[in-house]
Amino acid sequence: MAEAKPKSKAFKDWFDKAAAKALGAQINAAWSGFDRAAFQRRATKGLATLEFSGRVQQFADALAAGLPDDIPQALGIIAESLPQIMPDADSVTDGWLQWPVGQFIADHGLPHFEESMHAMVELTQRFSSEFAVRPFVDQRPDETFARLQSLTSHESQHVRRWCSEGVRPRLPWGKVLKGLVADPGPIWPILDALVGDSERYVQRSVANTLGDIAKDHPDAAVRWGKACAKRGGEDGLWIAKHGLRGPIKAGHAGALAAVGFLPPKKVTASLRVSPKKVRVGESVELHAELSTTHTRKQTLLVDYIVHYVRKTKTSGGKTFKWKTVELPARASAVLTKRHSMKTTTIRALYPGRHRVELLVGGEVLAEAAFTLGPAR
């Protein structure tokens, strides 16, 4: 494996001359016919002008130029070249070096299903094959889903995780699988098979896949999440909560009910924001009070929405988590929270009147406002 790169370097710089040297040596150890020097020249040509994905692609193209033209043979070589299997879910470290290997499989492996599947099963135990498998999901869906389904009981947690992670419709950094965005039906049997998995590493992937589906099919995701919470015990409930966090945050009544949050009963609320005027870079304090006349204890999910003023002078709401409140029968609860109005890399702030809404169990029960002025 390559040495770990300094954290101060840009992420794209992971694939540098040292990485090319290390990957070339890895392949050469499995096949002496691999020209390491030629690979390094091809992999590092004009490297400074390339971003991360461009570097990965160039490394993969350099692999293709140096490996045999017989793709099944080439796939066998790269599978044999791979380092030791990761012992646990937290050991990826220098597995990043294997990213171009996955790109090679994605680029050249489609006509060679069995050899590619073997290589991806091996790769995902060292790094991940979630990107490599996506062309197969897209272009050979029946065979691919059948194979992934059969691997949901594999002894390796890395392989089991791959079965769900590789079919995420909207995998970050991966090509959107438009067919699964339109119809996630083929995914459900895989998630069903993994609900009872004992590894949180696998459970998190199931939840992330559910979260992807929820972006386009919230009602279907909620139905599955509800069933998962019922039959999967504490782990099933965790998957549902994590996977349905988008609909939960949006106040979807079915999603809230699926994870145990019922609508508030006989609850009133007030909300106050102080100070009434702040400047960009400062903070406001939110003060909320909940009261109920209901005769039973209630578990309530409390969030709030800040309606930020936009550059166009319109406003857009952003939901923030607050806390889960155990509200006793015929009782009150007081909550406070500080909210920063600092500019961030993902949110520009503009002066004007900002509304804040208090969400209790997905229902807006109170609102307040403050005025934001320019930074000092």
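Miscellaneous remarks
- Charge tally in the Cβ shell below 9 Å around Leu286, where Lys, Arg are +1 and Asp, Glu are -1, Leu286 excluded: +2
- Among the listed pairs Lys249/Lys277; Lys266/Lys297; Lys230/Lys265, those with a Cα-Cα distance over 20 Å are Lys249/Lys277; Lys230/Lys265.
- Charged side chains reduced to their Cβ positions (Lys and Arg at +1, Asp and Glu at -1) give the chain a dipole of some 2760 debye around its Cα centre.
- Fraction of C-alpha pairs exceeding 20 angstrom in segment 99-241: 42 percent, rounded to a whole number.
- Across segment 159-169, computed HN-Hα scalar couplings (Karplus, 6.51 cos²θ - 1.76 cosθ + 1.60, θ = phi - 60°) run 5, 4, 4, 4, 4, 8, 5, x, 10, 4, x Hz from first to last residue, x flagging Gly and Pro.
- Normalised by the number of residues in the chain, the mean separation of alpha-carbon contacts (under 8 Å, six or more apart) gives a relative contact order of 10 percent.
- Here each label is just a point 7 Å from Cα along the line to Cβ, and for Arg231 and Lys178 those points are 3.4 nm apart.
- Projected label points at Lys321 and Leu262, each 7 Å from Cα along the beta carbon direction, are separated by 2.4 nanometres.
- Normalised by 2.2 N^0.38 Å, where N counts its residues, the alpha-carbon radius of gyration of segment 238-376 equals 1.11.
- Helix 200-216 vs. the chain, principal-axis angle (Cα, 0 to 90°, nearest 10): 70 degrees
- Net charge, Lys297 excluded, C-beta distance under 15 Å - Lys, Arg +1, Asp, Glu -1: +3
- Count Lys and Arg as plus one, Asp and Glu as minus one, and take only other residues whose Cβ is under 10 Å from that of Arg272; the net charge is then -1.
- Square roots of five times the Cα gyration tensor eigenvalues for segment 169-301, Å: 33, 21, 13
- Computed over the chain, the Cα gyration tensor eigenvalues convert (square root of 5λ each) into semi-axes of 47, 27, 16 Å, ordered from largest to smallest.
- Calculated from backbone phi, Karplus (6.51, -1.76, 1.60) coupling profile of segment 227-236 in Hz, x at Gly/Pro: 5, 4, 5, 6, 9, x, x, 5, 5, x
FYI, it's all coordinate maths here, none of it is from the lab. Remember, predicted model here, so these are calculated numbers, not experimental data. Neighbour counts run over all protein chains shown; Cβ positions are idealised from the backbone, glycine included.
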